[in-house]
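This report concerns only the one structure given below.
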Amino acid sequence: MPPRTPGAELPEHPDWLWHSPEPKSSYDAVIVGGGGHGLATAYYLAKNHGITNIAVLERGWLAGGNMARNTTIIRSNYLWDESAGLYEHALKLWEGLADELDYPLLFSQRGVLNLAHSLQEVRDSVRRVNANRLNGVDAEWLDPDQVAEICPILNTSPDLRYPVLGATWQPRAGIAKHDHVAWGFARALDRMGVDLIQGCEVTGFERVGDRVVGVETTRGPIRTGKVALAAAGHTSVLADTLGLRLPIQSHPLQALVSELLEPVHPTVVMSNSVHVYVSQAHKGELVLGAGIDAHNSYSQRGAFHTIEREMTAAVELFPMFARAHVLRTWGGVVDVTPDASAIMGLTPFEGLYVNCGWGTGGFKSTPGVGWCYAHTIAHDEPHPLNAAFSLERFTTGALVDEHGAAGVAH
Amino acid sequence: MMLIPCPWCGPRNEIEFHYGGQAEVRYPVDPQAVSDEDWARFLFFRDNPKGMFTERWSHAAGCRRWFTVRRDTVTNEIHPDDGASNARTVTR
């Protein structure tokens, strides 16, 4: 009997969901970054605007950056009209996306509770509920008993140092399976003839005067009339090669998962004050996140004391988590703006578009970004939903200041 | 976890410090003459290099003084000599 090859008894590898073509020398549009935002943008460029001669360039592997490192929470309960408009548009797209892509995204509208722990936070939360309702976003204010009814494992005892005084509740919020979202978009793009090119890092830009006419990559130059950045934490590294300064700072953002546990956590819980957010993934891992590490970094790792603080808050709010083991922790590089809102729109360079500054909240906006950014790229002018998120706002002072309602204290 | 060299107290755990971002950001000399664009630059725009960064830290749980170090934002390697030689308290 011949010696057995390890793994020989495993089934054949399935067909890939997408091809890996060689880059062509030119495209109508090039998208820099093959994460959720880049893929969604290419998808709506093709679907809504008929532009299919596109390359999505990814320096690593598809959706291997922040898309693979996030905590997958989807919600639209933002305070200001501009943010509510964009995130609610995204949420409506999420609600039909699995059918549209004909791919299971495991989108689960299990709701989100944003806890309030002080009288000021109660007032701010009630204000946000009212603002949400005026913007057509589903929102309710719940007292501690109602909170306990929705999430019985949450410690709503008044004896806590920071007791739960109530919560906002968005029933349509939830989670999705991040890998499936990327794969769903990638499969659709492949079928529409869009080139998804992995292992291709953009190292610079080709320009004629103030017009960007192509990109330099580790796999050769590519000419194009439209270059759209979707590179998250590395956006300023790319912009620096053009001498374009952006008001963003790159920070580590850590997340962690527990071992697999039986379903105990029925919703998503976020707390801004003690700062932790928790949901339970479909397989059973508790998925936890909190704020960024304070210092600038591209190291894709943060310090343990940040995790320690987050775990302290988690165990205080969910005493039963004290018995869970941490399985894995990791860090991403997030780009944070001074007003905690994203930047999406035109740049001083013709043919160069920027989408960055999503900080800790890029995943939930994925289809909304794709929709609006594609419009911006196709028409050379912002979609009404992203017009307020321009680069110019830092000069005019018309900031979209979502620090208060972003649900994160970065 | 970083070991940050306070010029006055010596190397201490990161948790004792408060981060102050980019160093040597100067307040406009003649504020009345500054354009909207330059105010925006001063208020909101900072370097964000992948590599060496000159930045401010405050030893919040120690001597409470500010100082400057050079740190590689990819490896977190800190160059304490620069920090010690350039250390200065904040005057404003």
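The values are calculated or read from the model by the stated rules, or taken from the named source; none is laboratory data. All values reported here derive from a predicted model rather than from experimental measurement. Cβ: placed from backbone, ideal geometry, glycine included. Neighbour counts: every protein chain shown. Note: accessible area is taken over every heavy atom of the protein model, side chains too, but ligands, DNA and RNA are not part of it. Shrake-Rupley method; radii C 1.70, N 1.55, O 1.52, S 1.80 Å.
Tabulated values for the structure
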{"quantity": "Assigned charges on the beta-carbon of Lys, Arg, Asp, Glu; the protein assembly as shown dipole about Cα centre (debye)", "calculated": "640 debye"}
{"quantity": "Length gained when the stretch A:L134-A:D102 is fully extended (0.36 nm per residue, less Cα-Cα span)", "calculated": "8.2 nm"}
{"quantity": "Principal axes of region A:102-171: Cα extent on each, largest first, Å", "calculated": "48, 30, 16"}
{"quantity": "Shielding by partners, peptide A:297-310 (average Cβ within 10 angstrom, other chains)", "calculated": "3"}
{"quantity": "Modelled FRET efficiency - R0 56 Å, B:D30 with A:R328, Cβ distances, 0.05 increments", "calculated": "0.55"}
{"quantity": "Prolate/oblate/rounded call for region A:141-281, Cα gyration tensor, a/c under 1.5 rounded", "calculated": "prolate"}
{"quantity": "Largest-first ordering by accessible area, 1.4 Å probe, given options A:K177, A:K47, A:K226", "calculated": "A:K47, A:K177, A:K226"}
{"quantity": "Free-standing Cys residues across chain B, given no other cysteine C-beta under 4.7 angstrom", "calculated": "B:C63"}
{"quantity": "Lysine pair number, Cα distance threshold 25 Å (strictly under), the protein assembly as shown, separation 8 or more or different chains", "calculated": "11"}
{"quantity": "Neighbourhood net charge (14 Å Cβ-Cβ; Lys/Arg +1, Asp/Glu -1) for A:S20", "calculated": "-2"}
{"quantity": "Quarter of the Cα convex hull surface for the protein assembly as shown, i.e. its orientation-mean projected area (nm²)", "calculated": "28.2 nm²"}
{"quantity": "Estimated inter-spin distance, A:T203 and A:K24, nm [label 7 Å along Cα→Cβ]", "calculated": "2.4 nm"}
{"quantity": "Largest to smallest accessible area among A:T52, A:T235 [probe 1.4 Å]", "calculated": "A:T52, A:T235"}
{"quantity": "Sites A:M192 and A:D240 - FRET efficiency at Förster radius 35 Å, r taken between beta-carbons, to 0.05", "calculated": "0.60"}
{"quantity": "Accessible solvent surface per residue of region A:181-242, calculated while the other protein chains remain in place, 1.4 angstrom probe, Å²", "calculated": "36 Å²"}
{"quantity": "Quotient of C-alpha Rg and 2.2 N^0.38 Å, computed over region A:242-308", "calculated": "1.41"}
{"quantity": "C-alpha long axis of helix A:304-317 to longest principal axis of chain A, angle in °", "calculated": "40 degrees"}
{"quantity": "Residue mean of other protein chain beta carbons inside 10 Å, B:9-17", "calculated": "2"}
{"quantity": "Relative contact order (%) - criterion: Cα under 8 Å, at least six apart; region: region A:31-186", "calculated": "31 percent"}
{"quantity": "Cα Rg over Rh - region A:251-393, Kirkwood", "calculated": "1.06"}
{"quantity": "Cα pair distances in region A:19-172, grouped into 10 Å bins until the bin that holds the longest one, percent each", "calculated": "9, 28, 28, 19, 11, 4, 0"}
{"quantity": "Helix-only CD estimate at 222 nm, as mean residue ellipticity for chain A, using -39500 (n - 2.57) per DSSP H run (n ≥ 4)", "calculated": "-8500 deg cm²/dmol"}
{"quantity": "Computed helical MRE - 222 nm, chain B, DSSP H runs ≥ 4 contributing -39500 (n - 2.57), nearest 500", "calculated": "-4500 deg cm²/dmol"}
{"quantity": "Listed residues A:F349, A:F304 arranged by accessible area, highest first, probe 1.4 Å", "calculated": "A:F304, A:F349"}
{"quantity": "Relative contact order of chain A, pairs being alpha-carbon contacts under 8 Å that are 6 or more residues apart, as %", "calculated": "23 percent"}
{"quantity": "Exercise: per-residue mean of other protein chain Cβ atoms within 10 Å, A:245-251", "calculated": "5"}
{"quantity": "Alpha carbon centroid spacing (whole Å) that separates region B:20-51 from region A:21-67", "calculated": "34 Å"}
{"quantity": "Over region A:160-273, relative contact order from alpha-carbon pairs under 8 Å, at least 6 apart, %", "calculated": "14 percent"}
{"quantity": "Buried accessible area, chains B and A (both chains, 1.4 Å probe, Å² to nearest 100)", "calculated": "2000 Å²"}
{"quantity": "DSSP beta bridge pairing in chain A, given as percent antiparallel to the nearest 5", "calculated": "70 percent"}
